[in-house]
Amino acid sequence: MATDQPDRGLRGLPGGKQKYSAFALAKKAMNYHQDWQRAWRDAPPKDEYDVVIIGGGGHGLATAYYLAAVHGVNRVAVVEKGWLGGGNTGRNTTIIRSNYLWDESAAIYEHALKLWEGMSQDLNFNVMFSQRGVLTIAHSEHELREMSRRVHAIRLNGIDSEILGPSEIKKFVPIINIDQTIRYPVMGGFLQKRGGTARHDAVAWGYARAADDLGVDIIQNCEVTGLRRNGRRVVGIETNRGFIKTRKVGCVVAGHSSVVAGMADIRLPLASRPLQALVSEPIKPVLDTVIMSNAVHMYISQSDKGEMVLGAGVDKYNSYAQRGSFPVPEHMIAAAVELFPLLSRLRMLRHWGGIVDTCPDASPIISKTDVEGLYFNCGWGTGGFKATPGSGHVFADLIANDRPNSIAAPYALDRFQTGLLIDEHGAAGVAH
Amino acid sequence: MSAAPMFRKSAPEQICRAATGGRVDRRKPVSFTFDGRVLQGFAGDTLASALLANNIHLVGRSFKYHRPRGIIAAGSEEPNALVRVGHGARAEPNLRATQVEIYEGLYAESQNRFPSLKFDIGAVNSALQAFFPAGFYYKTFMWPASMWMTYEHVIRHAAGLGRVADDHDDPDRYEKTNAHCDVLVAGGGVAGLTAALQAGRSGARVILADEQNEFGGWLLGEADVTIDGKTAADWIADAVAELAAMPEVTLLPRTTVFGYMDHNYLTLTERVTDHLGERPAHLPRQRMWKVRAGQTILAQGAHERPLVFSGNDLPGVMLSGAVRTYINRYGVVPGNRTVVFTNNDDAYRTALALHGAGAHVVIVDLRRDLKGGVVKAARAVGIEIMSGSAVTIAAGTQRIARVEISPVNEGASAVLDDPIHMDCDLLAMSGGLSPAVHLHSQARGKLGWDERLLCFKPTTVHEASFNAGAGNGVFDTAKAMADGLRAGTAAATDAGFDIEAGTPPEVSAPQQNWRPLAAWKIANGKGEGEGPKAFVDFQNDVTASDVKLAVREGYQSVEHVKRYTTLGMATDQGKTSNINGLAILAESLGNEIPAVGTTTFRMPYTPSGFGAIAGRDIGELFDPTRLTRMDSWHRANGATFEHVGQWMRAWYYPQKGETMREAVDREVLAARTTAGLLDASTLGKIDIQGPDAAEFLNRLYTNSWLKLGIGKCRYGLMLKDDGMVMDDGVTTRLGENHFHMTTTTGGAAGVLDWMEEWLQTEWPDLKVYLTSVTEEWSVATLSGPNAGKILKAAGVDISLDPSDFPFMTMREAHIAGLPVRIFRISFTGELSYEINIRARYGLALWKLLMEAGATHGITPYGTEAMHVLRAEKGFIIVGQETDGSVTPQDLGMDWIVSKVKPDFIGKRALARGSMAAEDRKQLVGLRTRDRRTVIPEGAHAVLDPNQPMPMEMLGQVTSSYYSPNVGASIAMAMLKGGRALLGGTVYLPMLDGKVIEAEVVEPVFYDPKGERING
Amino acid sequence: MLVITCPHCGPREESEFSCGGEAHIARPLAESSLTDAEFADYLFLRDNPKGLFLERWRHAAGCRRWFNMARDTVTHEIVEIYPMGSLPSSKAGKAAHNDSWRRDTAAEAAAKPASSATGTRGGS
């Protein structure tokens, strides 16, 4: 699964939209950038579509794009309550990797990683995918054993991964503290060089522009108020901008999945939890890779702007408030200062919260439902961003063919009845 | 800094310092260094005021275009004047010169420039800025794909602001404190002071915090206000004195309220010693306050808005209110030939202040019909006023030198006549005021647009909170104080204190109309995007054209504009740019400002130090370390340790020159040939009492517990309700209604929580009482053929004969007079005694046994040897063989799952069809073909090592060691359909490409019949 | 950060508590005739309302006692706190309990009557 290259569909902008390039930039500069056209049309809702995607985040826009680009389905609308990428797409810490423990996870995240590689060219939009490496630190003998298990599995899944000792880690990340006398010393780590980060907003915008180029209608400020059914089949969606007829609805509304599912009297095994993150003031480059630590519970990278980007795990209670409790960032910062003493004299610039829907087994749901024509893609927890292209790619396939492909199949809802879970808990205290 | 006096001689005089006036102490000169130049200011100066006193405006370079930038503000909203302060390990980047108090020897340098501030190579970006519009990087750097990392490397180094400290270990100390109060007042300006006084007089416990070094807010910068007949300065002094005298009031200057969270939880950072050259060792550098407030009063004042005109970012272009503050508060006159450019009355007070300080002033007012007190006052002193006009272009190289002034239409969207040119060295601009609603917004308070004042101000609150003063849209001094009085009264009352409404003080201040004229983007007589840039966000170099470009490209939601142009994302978080940006966005959308909306403000109000947030929760206090009572002995005897949860456990005891493998082999052999001694104190121990204790265990464990005899021990397996193994251990019946449970070391806390949860929430009808006794008992496990001899030698007072003391029983006894509980249970398969003793005797017992065993070959062994010994016997370790996805059947432990019990936790889940599937992972043993080769734990097994990637994996090796007793390598593994593979061969591909071949065997490698259990 | 009024200790910081998720989930007896699907409702399905949520909390760093809480997942307002084994008494709380889809699941029907009167993973 992980080896064959996914079908990327059409490259660039076959729809004939204005191309982006350094040359175009220079040309447009001559008349003060007055004639750049819109990145995507402000489409009014039509009466009917073949497929309606609810949720204009990265996953939803990617789904719409691949429906058009790979499956030739282009009577597609993406309806978004607010603004594109306003949910977790625009609120995450942009970490991308595929070094997961279980085969099913490795398959979908590696599928996604292959799509990340070359996404800027596919979409003619620089999403700044930066393969600066993701290094996961182990702080105890137990974690070293778990790490070894993980790396062996990852390698046999054909995914790059290597084990580093403390001194190699120090060489790779000069600012890290490898003093063996600290409470949880750095005992080792494993590195995925192909992992890294990307510019989160650009992912939403890039997919929107490319999907629009293929005829997809992108409809912002359009809130879904109901799902109209005829017996056990979807026939359309009610929105604040009127009824839209369609026989296929794909829901990709991280955080609010339970709410939308409720409109069809469907219940999902999800809990909506706050996920907090923060950035420091921008400084000149000091950290050129992504560092994760489950034991001290934090992850950190430095953005191209120079901000140190920090995240941790979810809060302990359900919430739809896009805000969490202070002890979480408080502990995250202590952990960060412990591993990177130089942070002590930096300052927090901006802090925010998102809502992630988490599954009992910390793995996503990509599934048909017992309502015909209604599909859900949710439950990505704290790890959804990295999966964006892969998630959209297999979800588009599921919707187009009304049956899951081999990558999506393990993520069907029935796993909660059989008990054949894909339990990534042990694998990731912070599932990044 | 000892050389300081010498500097004084060489330091140039402060040519822009007025002879008199201001709150600086002219008797206390202070020398400091900026970009290598030694300069002089006075005590009471900020770095900004001191630089301006020395006629230095150019202090930094902008983020994107590296344009020369000067000081524009006098407070925390400053976007430009960011400097790096301090040396070596104490250096700190990105500090605002307007907030840095100077002290003798202060060392500061400008940032984001190379090689120097005056000549910065990065400024080439400024020349090429036509090619770098908003979002340019999304449109390019894509070809060839392989080059992006190279492009990015360059971009990264061009970006970023300051450099971190040269030495990364922060030498300073930080503290945190929790506080509760009835009323927290954020902001100590007139409104805040009035509110705090009122609440304080009611007897309420009040905390008043202000980010500045002195209370008083912008009143500190007003020379034309008297309150109750006193000068502003005197009134402030009296107010602060009265507050200081109140026992229940805490005054926190230099303290920023940076976060406002649920249920009135607020976070503050107090800068305790940052302003001192010599830092007293007993004080922390900063202290974070975590305050739970009954009521809050937000009185943070307002921020003045710049005007958006071509060239408005030149050094020497400043905010009007800031100019006034520098004159009146710091006695600094930042220019001689000055232009005041305004859309409101307030700037006239600045003009008058400049005039009073001897500067030449021309007022350029966007408004037409000008009346009112301050206008008259300006005319009266002969200040030239150009009404209905705008500064259309400001010009100069590294400091403003001249301006073009033209008559403009209402709204300044069109130039009506040719400009006149005017030379100047300072431009004071005023675009009206924006209330600082940040904390209100953080706390989910709602905002409303005020058509008259052209600003967002608080409407409804979400928490127990009040807004007051300029922060509430009440700019007039008298009204702001009345507003503060109201808020103080209301907050105190809601907090449960009695207080008269009181009467606001008598205020005399210039008559002014607070309504500004709406004029957002000032036309420059050229086409859109032509002519010098007009900046909206100074620090991030976002221009009016950038905002319009974003709109043209369809980035029209305010959040999209912000993210596409980076408007408001700089370290000032848009304090001076938000409203201007919003207005220009609304304009280009042909929409109303309130319809466009505003972005939500988030913590922190101003950047807030990580050091203070981490406080002392780092180093050894990051997480507790748990040590057993025998720990000192282990250390004294050269043990190495491993982390097990919070515990430090003895891992192995290497003797001189021994490798780990040699040490562990020696320990393992001793435990089977003579005797080994293990410190097992970390095992979780739970005391269970009550008439229903047996019934409870019966529901908790998979096997049956009702008939367990008193004094008898039984091994139990605990499942989650999903049927997966969660913990195991031996539990002993001490009495009819009394049990002693042991759990895994890591699982102890979780198991107690688990048991309490079931008792309290599912079976409250059961009478069972739980106590964690992990710390009550020290445990020494004596194991091996000589175990009995050693116990006798140690002076045990009971018969150890197996018939008197059989396997899986417990006896109370004494060893050398010390009361002990001895459990005859075994994790090694050898004759074994787990001796529990009151914790405080743990070390004594250990030493006693070591002595008694000396002649019987007693050998202390650590956790590694323990692992090998139990693996030789095929005993599992929960968390090593299991990972939350393993059932008892998977472990081949059906024998422990009762078929007769009606119910136990996990029973129903085990009955699910999929749990019986043939291809589930099952526990097996592995015997390597090359018997010396030890498989690395975590290695995965396959049937065909030559298949293509991704390989079909059977499962992982969970435990693997060299067994000196078997004389070969042994391993346990969880393999798909493992039982069916018994006798077959599997292959384990290594990371280095080698492949290990192994036979699948039963997971018991030693004494399969268990004949050694009685020694 | 929430202030939670422990029924036994009084108002305390959220950081002293642990959250146990949805309240009032009846545990079906093992020998009951539940299908795997119906059992999965009990095991994995948790209510996730946007609005009032009846949940279980424990004063972990205090008296270690469990109790029930009705909290709004949007405003974070705590509407009521009531003992384990009892039902909400506020109007909103009652409605939330009675209207819950769980009231008519096979899993709840299969719970032993005794426990639905008393405990059941969070009080009735």
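Of note:
- Yes/no for B:P1008 being crowded, with 22+ Cβ neighbours inside 10 Å and not in a strand (DSSP E or B): no
- Lone qualifier among B:T231, B:T269, B:T256 - being of a type in the set (V, I, T), open to solvent by 50 Å² or more (accessible area, probe 1.4 Å) and either under 29 Å from B:R349 (Cβ atoms) or modelled with pLDDT of 95 or more (or both): B:T231
- Those strands (runs of 3 or more DSSP E) of the range B:216-300 in which at least 1 residues are within 12 Å of another protein chain (Cβ to nearest Cβ), considering only elements entirely within it, cover B:255-261, B:265-271, B:286-298.
- Whichever residue in the range A:137-160 is touching a residue at least 60 places away in the same chain (Cβ under 8 Å) and in a helix (DSSP H, G or I) and, among such residues, is farthest from B:V957 (Cα to Cα): A:E143
- Any hit, the range B:897-904, residues being within 14 Å of chain C (Cβ to nearest Cβ), open to solvent by less than 20 Å² (accessible area, probe 1.4 Å) and of a type in the set (K, R): yes
- Looking across the range B:504-522 at every residue that is in a loop (DSSP other than H, G, I, E, B) and open to solvent by 40 Å² or more (accessible area, probe 1.4 Å), the one that is modelled with the lowest pLDDT is identified as B:Q511.
- Among residues of the range B:80-110, those that are farther than 22 Å from B:K533 by Cα and part of a loop (DSSP other than H, G, I, E, B), counted: 11
- B:A941 meets the stated requirement of being under 27 Å from A:N157 (Cβ atoms) and not in a helix (DSSP H, G or I).
- Test: residue in the range A:153-164 that is within 30 Å of B:D166 (Cβ to Cβ) and either modelled with pLDDT of 95 or more or more than 26 Å from the chain's Cα centre (by Cα) (or both): yes
- Breaking point among (1) at negative phi; (2) not in a strand (DSSP E or B), for A:D265: (1)
- Taking the range B:751-776 as the range and being of a type in the set (A, V, I, L, M) and either over 17 Å from C:H59 (Cα atoms) or touching an Asp or Glu at 6+ places or on another chain (Cβ under 7 Å) (or both) as the test, the residues that pass are B:V751, B:L766, B:V768, B:L770, B:V773.
- All conditions in (1) of a type in the set (V, I, T); (2) touching a helix residue (DSSP H, G or I) at 6+ places or on another chain (Cβ under 6 Å); (3) surrounded by 23 or more Cβ atoms within 10 Å (Cβ to Cβ) hold for A:I178, with the sole exception of (3).
- All told, B:L926 falls short of being more than 45 Å from the chain's Cα centre (by Cα), open to solvent by 10 Å² or more (accessible area, probe 1.4 Å) and not basic (K, R).
- The listed residue being aliphatic (A, V, I, L, M) and open to solvent by 20 Å² or more (accessible area, probe 1.4 Å), out of B:L621, B:L582, B:L567: B:L621
- Residue that is most open to solvent (accessible area, probe 1.4 Å) [pool: residues in the range B:205-228 that are more than 39 Å from the chain's Cα centre (by Cα) and at negative phi]: B:A223
- Residue match in the range B:607-625 (condition: modelled with pLDDT of 95 or more, closer than 18 Å to B:A436 by Cβ and touching a Ser or Thr at 6+ places or on another chain (Cβ under 8 Å)): yes
- The residues on offer are A:V371, A:V394, and the sole one that is away from every other protein chain (no Cβ under 14 Å), open to solvent by less than 30 Å² (accessible area, probe 1.4 Å) and touching a Lys or Arg at 6+ places or on another chain (Cβ under 8 Å) is A:V371.
- Boolean, B:A487 is open to solvent by 20 Å² or more (accessible area, probe 1.4 Å) and assigned to a helix (DSSP H, G or I): no
- Candidate set from the range C:32-59 (those that are more than 10 Å from chain A (Cβ to nearest Cβ) and either out of contact with any Lys or Arg (no Cβ under 8 Å at 6 or more places or on another chain) or part of a helix (DSSP H, G or I) (or both)); member that is nearest to A:Q417 (Cα to Cα): C:Y42
- Any hit, the range B:200-212, residues being more than 30 Å from B:A351 (Cβ to Cβ) and assigned to a helix (DSSP H, G or I): yes
- Every pair of residues 6+ apart whose Cβ atoms lie under 8 Å, when the first sits in the range B:112-141 and is more than 9 Å from every other protein chain (Cβ to nearest Cβ) while the second is modelled with pLDDT under 85 and open to solvent by less than 30 Å² (accessible area, probe 1.4 Å): B:R113/B:G122; B:F114/B:G122
- Residue count for the range A:287-311 under the criterion of being open to solvent by 10 Å² or more (accessible area, probe 1.4 Å), assigned to a loop (DSSP other than H, G, I, E, B) and closer than 19 Å to B:V164 by Cβ: the result is 5.
- Residue among B:I815, B:I876 that is crowded, with 21+ Cβ neighbours inside 10 Å, farther than 22 Å from B:Y653 by Cβ, in contact with a Pro (Cβ under 9 Å, 6 or more places away or on another chain) and at pLDDT 95 or above: B:I876
- Scanning the range A:11-26 for residues that are more than 10 Å from every other protein chain (Cβ to nearest Cβ) and open to solvent by 80 Å² or more (accessible area, probe 1.4 Å) gives a single hit, A:R11.
- Meets criteria (open to solvent by 10 Å² or more (accessible area, probe 1.4 Å) and either within 8 Å of chain B (Cβ to nearest Cβ) or in contact with a strand residue (DSSP E or B) (Cβ under 9 Å, 6 or more places away or on another chain) (or both)) for A:R145: yes
- Any chance A:R232 is open to solvent by 10 Å² or more (accessible area, probe 1.4 Å), away from chain B (no Cβ under 13 Å) and touching a strand residue (DSSP E or B) at 6+ places or on another chain (Cβ under 7 Å): yes
- In the range B:317-340, the condition of being buried (at least 24 other Cβ atoms within 10 Å of the Cβ), touching a Pro at 6+ places or on another chain (Cβ under 8 Å) and not aliphatic (A, V, I, L, M) is met by at least one residue.
- Residue match in the range B:413-433 (condition: assigned to a loop (DSSP other than H, G, I, E, B), within 36 Å of the chain's Cα centre (by Cα) and at pLDDT 95 or above): yes
- In the range A:6-28, the residues that are at negative phi and among the polar types (S, T, N, Q) form Cβ pairs under 6 Å with partners that are open to solvent by 40 Å² or more (accessible area, probe 1.4 Å) and part of a loop (DSSP other than H, G, I, E, B), at six or more places apart or across chains, as follows: A:Q18/A:Q37.
The values are calculated or read from the model by the stated rules, or taken from the named source; none is laboratory data. Keep in mind the model is a prediction, meaning the values are calculated, not measured. Heads up, the Cβs are rebuilt from the backbone with ideal geometry, glycines too, and the neighbour counts pull from every protein chain shown. The protein model used for the area step is the full one, side chains on, heavy atoms only, and it has no ligands, DNA or RNA in it. Shrake-Rupley method; radii C 1.70, N 1.55, O 1.52, S 1.80 Å.
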